[in-house]
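What follows is a set of notes on a single structure, which appears directly below.
The values are calculated or read from the model by the stated rules, or taken from the named source; none is laboratory data. Quantities reported herein were computed from a predicted structural model and do not represent experimental measurements. So basically every Cβ, Gly included, is an ideal-geometry build from the backbone, and we count neighbours across all protein chains shown. Note: accessible area is taken over every heavy atom of the protein model, side chains too, but ligands, DNA and RNA are not part of it. Shrake-Rupley method; radii C 1.70, N 1.55, O 1.52, S 1.80 Å.
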Amino acid sequence: MPVTSPYPLVTIEHALNTILAHSPILGTEQVSLTRALGRVLAEDVIAPAAVPPFPAAAKDGYAVIAADKAGRRRIIGEQLAGRLSDLRVEPGTAVRITTGAALPKGADAVVMVEYTSERDGWVEIEKEVRAGDDVRPVGQDIEAGQRVLERGSTLGPAEVGLLAAVGLSAVQVHCQPRVAILSTGDELREPGQPLQPGQIYDANRFSLAAAVELAGGVPRSLGIALDSLDALQHALAKALAENDVVVTSGGVSMGKLDLLKPILEARGQVHFGRVIMKPGKPVTFATVDQKPIFALPGFPVSALVSFELFVRPALRQMQGDLDWPRPRLTVRLAHAVQHDAHRTEYQRARVYVEKGRFLAQITGAQGSGRLLSLVGANALLELPPGNGFLPADSEVTALLLQPIGM
Ligand code: AMP
Ligand code: MG
């Protein structure tokens, strides 16, 4: 009799829906603008004031009255950005002005310095002027009371700048999930230490911590746990005490010392223990005290691919991100590809543009332990079950992980 897992194989879609149903949105906190990059807005942002707040010169030049027919105008002074004067432009006069300065009283247009010539306190205007020319009216960019950013959007450089531009120094965002990261396995060693026979370096704790950070979470390393009930139970209790999410790697397949599933069963609820996919089939999802726990497979590629498909969506949702899915793009294979005929397989690839078309090139051998297959990959090709062979030029779906280069 072959040994079979007691856990039914569930679909990727079922797995993801189960995870999202158990990944609650976290509370909110206020952060200053200097801490806001990458955070997700917990509220709509309404501009308290208009931008610009006064009619402003869009160019360096002269503030004039457009309807003034005078060829030459007498210069009565200058208006600089940030310095208000009491000048009033009357017919036949002009005020020298710099970009960003308030339009002086009486004026209704600015003439770029390139269309003028100045001599002895007089300026010649060498083009036709219409009211409003090169003046930025009040609220041209942003009106007072306008909704400028939406709840659920992620703050990048432009968003942070926009908050500052409307005068806000702090903003309400969702809390970041604190994510405990635990490696399991008697064979694992800390990088930097000498290896004994049979040992390998712990790669997953570092790759997963980096992935958590990129997903907006706060990684908390819990070190390496040995393959014993005691060590794993202890580590899990510690992980749960101070964190919102737990991510482990290793110890979930069919080996004698794959102990995590029974431990999770004893402490909480295992929602699924196997998914019809490659790599990552033994990926396990549980909740303990209502906290999501991801027990990822140990092979470094399996761990990162299942993180991408299952953990990242949970972390984004918990932060209130309403727009977390990665873009999916139809691409053409640059060469023939062998794939799993029975399970959806995620092959690591580089998507690039050639003659206006999106092509995909697999990043070498696709073994679950070969982290090099993820190095330089900007996409996962999502290859559904089929006959196991896709000829060159086949159309496939790419899940984009990073921007596409040339
Ligand atoms: P397991 O899921 O524990 O059976 O592990 C599957 C494979 O992944 C084994 O070859 C392990 O040695 C390897 N592995 C497990 N954890 C790690 C880790 N943290 N870093 C690198 N390789 C690992
Ligand atoms: Mg193991």
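Numbers for the structure displayed
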| item | result |
| --- | --- |
| Order of exposure, largest accessible area first, which applies to Glu242, Glu29 with probe 1.4 Å | Glu242, Glu29 |
| Cα gyration tensor category, rounded, prolate or oblate, for the stretch 56-136 with a/c compared to 1.5 | rounded |
| Share, in percent, of DSSP beta bridges within the chain that are antiparallel, nearest 5 | 70 percent |
| Theoretical FRET efficiency, 1/(1+(r/R0)^6), r = Cβ-Cβ of Val353 and Ala158, R0 22 Å, to 0.05 | 0.30 |
| In Å², nearest 10: area of His234 left accessible to a 1.4 Å probe | 130 Å² |
| Heavy-atom accessible area order for Leu9, Leu296, Leu84, Leu259, largest first, 1.4 Å probe | Leu84, Leu9, Leu259, Leu296 |
| HN-Hα J in Hz across the stretch 323-337 - Karplus 6.51, -1.76, 1.60, θ = phi - 60°, x for Gly and Pro | 9, 7, x, 5, x, 10, 9, 7, 10, 10, 6, 6, 7, 5, 9 |
| Nearest-0.05 FRET efficiency for Glu187 and Thr28, computed from C-beta distance (R0 51 Å) | 0.75 |
| Within a Gaussian network of the chain (alpha carbon springs, distance under 10 Å), most fluctuating of Pro191, Pro24, Pro325 | Pro191 |
| The stretch 257-368 - percent relative contact order, Cα under 8 Å, separation 6 or more | 20 percent |
| Using θ = phi - 60° and Karplus 6.51 cos²θ - 1.76 cosθ + 1.60, couplings along the stretch 144-151 (whole Hz; Gly, Pro as x) | 4, x, 6, 7, 9, 9, 9, 3 |
| Rounded if a/c under 1.5, otherwise prolate or oblate - the stretch 328-400, Cα gyration tensor axes | oblate |
| Partner lysines for Lys59 [C-alpha distance under 25 Å; skip if fewer than 8 residues away on the same chain] | Lys69, Lys105, Lys127 |
| DSSP beta bridges in the stretch 56-136 [antiparallel fraction, %, rounded to 5] | 80 percent |
| Charge context of Ala241, other residues only, Cβ under 14 angstrom, K/R +1, D/E -1 | +2 |
| The chain: most fluctuating residue of Tyr201, Tyr115, Tyr62 per GNM, C-alpha cutoff 10 Å | Tyr115 |
| Overall form of the chain per C-alpha gyration tensor (a/c, 1.5; a/b vs b/c) | prolate |
| Mean Cβ neighbour count within 10 Å, used as a protection proxy, ranking 88-98, 262-272 highest first | 88-98, 262-272 |
| Cα→Cβ-extended label distance, 7 Å offset, between Ser85 and Leu322, nm | 4.9 nm |
| Partner lysines for Lys238 [C-alpha distance under 22 Å; skip if fewer than 8 residues away on the same chain] | Lys261, Lys291 |
